[in-house]
Amino acid sequence: MPFYSLMINGTIHDVEAPADMSLLSVMRDLLGITGPKYGCGIGACGTCVCHIDGVEARVCVTPVGSVGNASITTIEGLAQDGELHPVQQAWIDEDVAQCGFCQPGQIMTAVKLLENNPNPSDSEIDEAMSNNVCRCGTYMRIRAAIKRAAENR
Amino acid sequence: MSKDNSIAEAKQELSQSNNEKGAETHLRTPDPNNSQESSGSLEMSRRHFMQFMLTGSASLVVGGSWLSSEEAKAAFAIPELGEVFDIADVLTIVELPYAHNLVLEITADNRVQFELPRLDMGQGIATAMAQLVAEELSSDYELTDVVHSDRRADRPFSMTGNSSTIRTMWGPVRMVAAQARARLITAAAQRWDVDPGLLTTENSKVLGPNGMQATYGELTADAARVWHPLVPATPKSVYDYDLVGQPRVRKNALDIVTGKQEFTLDIDVPGALPAVVARAPQIGGSVISWDGSAARSMPGVVDVVEISSGVAVIAETFNQAKKARKTLEIQWSNGVAAGRSDEDFRAELNRALPRSRRTFWPFKSHTATFEYPYSAHATMEVMAAIADVRHGKAEIWYASQSPNYVAKEVAKAIGIAPFNVTMHIPYAGGGFGRRLFGEAAIEAAEISKAAGMPVKLMWSRIDDMKSGRFRPMAQCAVRSTWLGTTPVSFKNTIAADHTDFGHGIGDALTAAGANVFPHAFTQIGFQTMASMPYRFGDTDHSLIERDFGVPTGSWRSVFSGLTTTSNEIFIDEIARSLGYDEVFFRRRYLDNRTARQCLEKVAEMGNWGRSMPDGHAQGVAIHVEYRSACAYLVEIDTTGDEPRLSKVFCAVDVGLPINPLGLKAQMEGCLVDAWSLMFRAGNHIDDGQVREHAFTDFLWARMKHTPPEMDVYVFPAQPGGEPGGAGELGFPPAAAACVNAYARATGTAPRRFPIGEFV
């Protein structure tokens, strides 16, 4: 079985896994990194979103064999030196979460949106966030939190 | 003493207590929409002491023992029977003997931990409970934790449903916290040798004269030895509340945004191996024969076992288990609905509805039949459970809304006694009624038993959609007869696939003294949920059930999501046909002060009747249930590719809001649920199989389908108010308001949902 050294949240994790195993399964089942969630396994709901070399990625459909030396950031790696990312802080300030299961993916998606577009309009938020499902219906608070984070940058 | 007598006496006690409250008139309650301080005072004269128990001498643990019936009666406000009586009332009554049998611990490191015998699945009850505990105990809110209790076999009717948690727990939680506070004060008084009447409490400290103070943590060991507190353990008056009624961010918000919040499959149970199950493609099909030899030879596969619902594969990773599952060769029997599809069910439901009768002059009848599809719960966290069944005992991790029911089912499935089933209740990624049942827990237990090792079972999203439960398909036939502008009758007859209540509310009803045949429960449950806050003459709701074999269950708002939704759409149509403004019409015939107040509030917030461009319109609806009421006013824009709400206003009165921020979240979530079900998402049955797979074809609302603006107004606590239910309250009126706006904007009369599928 192939052997990988994965750079996740600034730490190297050595792991043996089949090349077609999803990065989500590798992290959750082999490395104990459980922040990214399984929601559908087909890249359709966005609960698993992480960043790979700074690009938003649906890791439930990302084969571990395709990752190479790329640097992976999960929800656990978003806060730096004990300081929450402004998007995380905005999520708390707006009391966004209900069950919270989709929120790691929502937050990771919103972080990329704001990096690419520091002051998104409503329709740009719609565009960027509509591939993520929240079954509790927290969308309105997600929108408010994105705007709050944009203001606080 | 007979149950009836004890209830009658407790009611008397309640009315006395209400009279005491009623004597105060100069009080002010906090406005939950602002962060105002409350003031005023009100002494409650009830003094009831609870028994408590010691767990060593390290910390004070209040609760844990049974109240005498005398104490229980006195401490607990029994609702008025008859006039308003619903499932939460039933649960309150049957839990009465155990009501205060709760565990509240104060630890030496000065933390407070309350074990909640309910499930927080996102609705925010743990946060509201922390507010109640901290308020009553004068503990530091930041140091006050609420955790899920393991299954409590000694609380047989504990369940999380029917928006009942705050209503059923409010009294007991306050009593238990007040008991703890009284013992902490007593411990401090004895330590300092001062009059306990001089002591006060604040931020997890007891304060005395001359700057004396001690933290609860410093006092807890002594407090645990206090047998009779020297000060009354009387819960605070609601008028003295500082924290309750104030908006609070949910307690686990930080854990959620940092990925630390554990859900079932995040829990590290040593040795528990991943498992998946191959289930019949047709609903209710079963295994005839199977061959797992190819699967067994796949890498990482540890075992392949047959269980009652199919064939399970256990492997070192979920990846390996899922791959091996694909190689299983299984011959399945036909399912219970083989050969039947949606159109067959629709026709059968339609045949079950009463034939329409002619109405003779001068009477005029309005009629409409509304059709609703099956709808999955589709919790964001797929069904999952961990089980360790060895040596005749079972240890289960499953986020259950009804742990005692699930434990019984687990015990039955694996042939052990229920008392040998331990259940841990993890935090849940959504519920909406789905977790009243526990198929995943039962399967995991069967797999663990067959393989002789602990397992963690995951349903894939497709498993979850294909083998899940559904809100039943239903048709609501509404008919209202009028003589000019005088209503004569209003009848709503629902024909629906049977709603499965097998999770035990029926047992609770029986225990509450109702003589209920098991099959009659659905009828009684239906009647308790039927809400008709208007004077429309002779009103009647009736339910006709058929059983199509499709697995069903309560889905947020249950029957109200059909009855009130249909009624409120229909009422709009009657108003228009009689030439009335829809808000004026409701006000004219409303027979409920709280609902009227909510309606008037949203009409004001949303500037009802303002002129709007073509293709845009407002829509309004109300609902009364769970001793609460609410109204929605929405604005819709139907000029784009698909209709979209532009603004939403909601006004909600729950009598006594605990956490307005959490309450607003529920009203927002209900709006998104309502839009999803009325306009976008539904399930279909084709030849006995569920058609949908995932969120790709179960079209739940996304960000771009939600209103850019939504404003929720929370009415402040009412004098003498007690908290009503909230979690499901918003769905029916939100659903009807959205459809009403659409109907007004397009000049149509929608009859079949989701609208997006049929236009």
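Nothing in this text is a laboratory measurement; each read-out follows from the coordinates by a stated rule. In this text the structure is predicted, and so the values were computed from the model without any measurement. Quick reminder, even Gly has a Cβ in these numbers, built from the backbone with ideal geometry, and neighbours come from all protein chains shown.
Brief remarks follow.
- Loop-located chymotrypsin sites (Phe, Trp or Tyr not before Pro) across segment B:333-382 with a Cβ neighbour count of 15 or fewer within 10 Å are B:Phe360, B:Phe363, with loop assigned by DSSP.
- Within chain B, antiparallel bridges make up roughly 75 percent of the DSSP beta bridges whose residues both belong there.
- Sorting B:Ser400, B:Ser554 from the fewest to the most surrounding beta carbons within 10 angstrom yields B:Ser554, B:Ser400.
- Sorted peptide list for B:324-334, A:83-93, criterion being average Cβ within 10 angstrom, highest first: A:83-93, B:324-334
- Within 10 Å of each Cβ in B:661-671, the average number of Cβ atoms from other chains: 4
- Flagged links, alpha-carbon separation over 23 Å, of A:Lys37/B:Lys323; A:Lys112/A:Lys147; B:Lys601/B:Lys664; A:Lys37/B:Lys260; B:Lys326/B:Lys393: B:Lys326/B:Lys393
- Residue mean of other protein chain beta carbons inside 10 Å, B:423-429: 2
- Using 0.36 nm per residue and subtracting the Cα-Cα separation, the extra length available between B:Lys364 and B:Glu343 on full extension is 4.4 nm.
- Beta bridges assigned by DSSP with both partners in the protein assembly as shown are antiparallel in approximately 75 percent of cases.
- Cα gyration tensor category, rounded, prolate or oblate, for the protein assembly as shown with a/c compared to 1.5: rounded
- Mean Cα-pair separation over length for segment B:172-214, i.e. relative contact order, pairs under 8 Å, 6 or more apart, %: 25 percent
- Here is what passes the span test in chain A: the DSSP H helices with alpha carbon length of 15 Å or more along the helix axis and a Kyte-Doolittle mean of -0.5 or above are A:103-116.
- Cβ crowding within 10 Å, taken as a proxy for footprinting-reagent exposure, orders B:Arg357, B:Arg471, B:Arg225, B:Arg680 from fewest neighbours to most as B:Arg357, B:Arg225, B:Arg680, B:Arg471.
- Dividing the summed helix terms, -39500 (n - 2.57) for each DSSP H run of n ≥ 4, by the number of residues in the protein assembly as shown produces a 222 nm estimate of -9000 deg cm²/dmol to the nearest 500.
- Order of A:Val67, B:Val389 - criterion: other Cβ atoms within 10 Å of each residue's Cβ, fewest first: A:Val67, B:Val389
- Backbone N under 17 Å from the B:Leu198 label point (7 Å along Cα→Cβ), restricted to segment B:221-256: B:230-231
- Peptide A:139-148 shows a mean partner chain C-beta count of 4 within 10 Å per residue C-beta.
- Each peptide in A:3-10, B:234-241 was scored by the mean count of other Cβ atoms within 10 Å over its residues; highest first, the order is B:234-241, A:3-10.
- Whether chain B is rounded, prolate or oblate, judged on the alpha carbon gyration tensor where a/c under 1.5 counts as rounded: oblate
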